[in-house]
1. How large is the charge dipole for the chain, taken about the Cα centre, if only the Cβ atoms of Lys, Arg (+1) and Asp, Glu (-1) carry charge, to the nearest 20 debye?
2. Starting from the Cα of K194, draw a straight line to each of the lysines and keep only those under 17 Å, dropping any in the same chain fewer than 8 residues away.
3. Accessible area, 1.4 Å probe, largest first: how do Y390, Y160 sort?
4. For a quick check of understanding: with a 1.4 angstrom probe and all protein chains in place, what accessible area in square angstrom does T57 have, to the nearest ten?
5. When all protein chains stay in place, what accessible area (Å², nearest 10, 1.4 Å probe) is found for I403?
6. Find which of L241, P340, T96 sits farthest along the positive direction of the dipole of the chain, computed with +1 on the beta-carbon of Lys and Arg, -1 on that of Asp and Glu, about the Cα centre.
7. Separation of segment 331-407 and segment 226-299 by C-alpha centroid, Å?
8. Where the centroid of each part is defined by its Cα atoms, how far is segment 36-102 from segment 105-129 in Å?
Amino acid sequence: MKRIYHTLFLLMAILPSFGQKQLNIQLENTSRIDANNYPVNISLNDIGYQVRSALVTLNGQEIASQLDDINGDGIADELFFLTDIPKKSKKHLSATLYPEGAPREYPSKVYVDMMLTNKKIKESNKQDLYISQLTVDRGVNPYSMLHHHGAAFENELVAYRIYFDHRQTVDIYGKYRKGLELKETQFYPDASQKAAGYGDDVLWVGNTLGLGTLRGWDGSAPTMLNDVAHRGQRLVARGPLRTIVEVKDEGWIQQPGAQPVDMCTYYTLYAGRRDCQVDVFFNRNVNDMRFSSGLINVKNSTEYSDKQGLRGCWGTDWPVSEKDSAGHKRETVGLGICIPRDNMEKELSADKDNYPYVIKIDGNRLTYHITFCSDNETFGMHSAKDWFAYLEEWKKALAVKVIVKTE
């Protein structure tokens, strides 16, 4: 009997580690440009069990990583981390995947939230009705129901928010100093926070394209996403190294008489990077449709374009409507968008609202990038010349594709 108990004890001792898997990860940068703070995704779909914890090491030293459930089924789909890979070099890392335990904790370098407006609380920076997702039916506009009007997310450099309505505009929050602020300011700093050096909303977007918002196209002008059967936002990833916000538009009828289409957009912000990656998926081939995106024409702004999908502007305007400008100052910002040349059907001349593109998609997927800076920053760019030079280097960096192999 003692031998049986002893055997059972040994089995119980080794069961927690049963099934753990060791991955050898090789990264190769074949380009002539350093890949700094490069995002690495490792798919977990073929591991054979549910990964509950992961340890990533470089030269025997642990580095921060995160497990993300992209499709919302409760099971981690991806292992993610950031690393530098110098030009013309290889890098080797190791990952141990565990079927038990909890995700390892690291200091967060990003933040994301979404919340309902609590009318019992008057202060705009003390709201407390946090949610992780919301879906509404056709005809329901949750814009005023949600605090800061939709999901908001940040890293130490920049902050964004996505309007939850037919516009789905990408709006921005500029900082003076590096650090995470949205948990304290909730996108609306009070007077004492402003005096202490916290950032604020730095762009008035109205009905414009804002910062790279994807819209429809009717042949002559951008169109809103008005006719949608179900509209939703979901917080997919909360850090510590990246945030992902999902925006769904199911049953979107772009124009009267058109066939409906489902569109799902993921906005991904990485720690230590200004740019936000935008991945758009459709439930069918949409080569029969046209879309629009671009940048708001900030008042008196200077424009830059390489005519190959990279476009930017630098300008100064009120961050709110002029009638609401009390307590605000004019803000100077630099905006940028980088769209793959193959998806750029036409670059249109600036109008009073936008610097627009007409976009085509051969298939059912589009990936592009947006970025910005605020002249308030102590760490960023402060002239159109410097901003446009930054955009050129940014596009070069985006073109670097690191080869990822696992075994």
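1. On the way: 49 positive and 52 negative charges, 158 e Å.
Charge dipole, the chain, about its Cα centre: 760 debye, nearest 20.
2. Leaving aside lysines fewer than 8 places away in the same chain, those within reach of K194 are K126, K175, K178, K183, K329.
3. Details: Y390 65, Y160 0 Å².
Largest accessible area first, the residues go Y390, Y160.
4. T57 exposes around 30 Å² with every protein chain in place.
5. That residue has around 70 Å² of solvent-accessible surface.
6. So the residue furthest toward the plus end is T96.
7. Spelled out, the Cα-based centre of one part sits 16 Å from the other.
8. 28
The values are calculated or read from the model by the stated rules, or taken from the named source; none is laboratory data. Quantities reported herein were computed from a predicted structural model and do not represent experimental measurements. Methodologically, a virtual Cβ is constructed for each residue, glycine included, from the backbone with ideal geometry; neighbour enumeration extends over all protein chains shown. All accessible areas refer to the heavy atoms of the entire protein, side chains included, with ligands and DNA or RNA removed. Shrake-Rupley method; radii C 1.70, N 1.55, O 1.52, S 1.80 Å.
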